[in-house]
Amino acid sequence: MIYHPDKNFIDPIPVRIHNQPAYFAHVEEETDGKPWFHDINEYLVKRKYPEHANHTQKHTLRRLSNHFFHCGGNLYRITPGLGLLRCVDSKEASKLLEDIHARTCSPHMNGFILAKKILMADYFWMIMETYCIQYIRKCY
């Protein structure tokens, strides 16, 4: 209980801590050589789960795959307002950051504007804003 200045007590807020994340798509580096969307793509194409996946991870992968669409060898994210956004890996993402930030669209913008411009160019990856902010911090 927390003591309030008006001599009232405020009930504590319950917080749950999970021991194991269900399926975490926050991947900064592709250590195994596969892009971040590899599991989603395999599920959409072959309806095949990763070998090491437990029940919760399988359920989360099914739920995540509802927001993606596979066509012509590319994976697209379906968004209500923007249509289809092509999913890119980290190599292509770094090329996009350079092109859109300094060359193609307009010179030198902040991280959030850069992320919006990449979305408007119909590209997507899970941690886009984080990459954009890190890239802007390195820019002179």
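Beta carbons closer than 7 Å, at least 6 apart along the sequence or on distinct chains, pair a first residue in segment 113-131 that is free of Cβ contacts under 8 Å to residues at least 24 places away in the same chain and within 24 Å of LYS34 (Cα to Cα) with a second that is open to solvent by 40 Å² or more (accessible area, probe 1.4 Å) and part of a helix (DSSP H, G or I) for ALA115/GLU129; GLU129/PHE112.
The sole residue among LEU44, LEU84 that is on the phi < 0 side of the Ramachandran plot, modelled with pLDDT of 90 or more and of a type in the set (A, V, I, L, M, F, W, C) is LEU44. If I filter segment 69-81 for residues that are β-branched (Val, Ile, Thr) and over 14 Å from the mean Cα position of the chain (by Cα), do I get at least one hit? Looking for residues that are β-branched (Val, Ile, Thr) and over 14 Å from the mean Cα position of the chain (by Cα), one finds none in segment 69-81, hence no. Return the residues of segment 115-134 that are open to solvent by less than 50 Å² (accessible area, probe 1.4 Å), out of contact with any strand residue (DSSP E or B) (no Cβ under 7 Å at 6 or more places or on another chain) and at pLDDT 80 or above; say none if nothing qualifies. The answer is ALA115, ILE118. If the Cβ limit is 6 Å and pairs must be 6+ apart or interchain, which residue in segment 15-44 that is open to solvent by less than 90 Å² (accessible area, probe 1.4 Å) pairs with which residue that is assigned to a loop (DSSP other than H, G, I, E, B) and at pLDDT below 60? Going by the 6 Å Cβ cut-off, the qualifying pairs are TRP36/VAL27.
The values are calculated or read from the model by the stated rules, or taken from the named source; none is laboratory data. Note that the coordinates shown come from a computational prediction; the quantities given were computed from them, not determined experimentally. Note that we place each Cβ from the backbone using ideal geometry, even for glycine, and neighbour counts take in every protein chain shown. Heads up: the accessible areas ignore ligands, DNA and RNA and are worked out on the full protein's heavy atoms, side chains in. Shrake-Rupley method; radii C 1.70, N 1.55, O 1.52, S 1.80 Å.
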